[in-house]
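What follows is a set of notes on a single structure, which appears directly below.
The values are calculated or read from the model by the stated rules, or taken from the named source; none is laboratory data. Only a predicted model underlies this, so the values are computations on that prediction, with no experimental measurement involved. Note that we place each Cβ from the backbone using ideal geometry, even for glycine, and neighbour counts take in every protein chain shown.
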Amino acid sequence: MSVHRLRLAAFAVLIATSTALSQGITVTAEGRASRPANTVEIRGTIEGRAELPGDAFVKYGQALARFTKKLGELDAPGLAIERLGPRIGIGFAGQDEGGMNAIMLGMNGGDQKLDPEVAITERLVLRLPLQGLDAERRSALLGEIIEACRENGVRHPNSSNDPQLAYIAMVTGQGSPTADAFSEAGAISYRCDDEPALYADAVAAAVKSASRAATAQAKAVGRELGEVTSMETLLGDEVKSGATETVSHRIRLKITFGLR
């Protein structure tokens, strides 16, 4: 390559570098933050089954009334139940709430008759405030709520596993595979009531990390770091519930800083 061409190539690189620097420095950084949970949530499904729709609604209503009454008898200040609305579907006599027992028997040549029946189901979310409760009282109350679920046929919406086994697995760290699977499915979760503050803490941590990296890059090219000119969320735009009493949030940001 001739000297003239080398000079042109070097000049082109210089222009490109100057243009890039004029647009600032862009870095990607993560931030993490944690706060104590304020609320424990228990999700479940209640159901009523019968051959006729009217009878199914009656059974569903009776089951819901019994469960609501039982919750009211607990010494659980602030315990609230959110109903997500009943849904109607078709099941089969002999089929459990989360399984396919009757269907599988029929497919395998069994003699069991598949009698269709109407199923009225509703998903529920129970919320127990944790403020003012010590660890022992929290554990006892959660156990009582789970027991009330078990006694009244309230199960995890995606599983037929026993919620009481899930509770035992959660507090002891041991249990059957079905109990562990129930717990991991999210039947019991914890939330931080001040989610905006938790989110802000994670953002601040990400910006601080990005600023350190961008400052080092700016110094390397003989410039000073300016203000943030743009910010894009790549991960963690929503705070979600956690599996422990400490709720954590992780966010990943793409941040561009100006240069001076």
*Give the residues of segment 124-158 that are more than 12 Å from G78 (Cβ to Cβ), basic (K, R) and surrounded by 14 or more Cβ atoms within 10 Å (Cβ to Cβ), sorted by residue number.*
R138, R150, R155
*When only residues in segment 196-228 that are of a type in the set (S, T, Y) and within 32 Å of the chain's Cα centre (by Cα) count, which is nearest to R138 (Cα to Cα)?*
Y199
_Long-range neighbours under 8 Å by Cβ, at least six apart or interchain, first residue over 24 Å from N38 (Cβ atoms) within segment 229-246, second surrounded by 12 or more Cβ atoms within 10 Å (Cβ to Cβ) and of a type in the set (F, W, Y)_ = T229/F257
*Note down all Cβ pairs under 7 Å where the first residue falls in segment 113-137 and is without any contact (Cβ under 8 Å) to a residue 40 or more places away in the chain and within 30 Å of E51 (Cα to Cα), the second is part of a loop (DSSP other than H, G, I, E, B) and hydroxyl-bearing (S, T, Y), and they're at least six residues apart or on different chains.*
none
*Just one of (1) at positive phi; (2) at pLDDT 90 or above trips up G109, so point out which.*
(2)
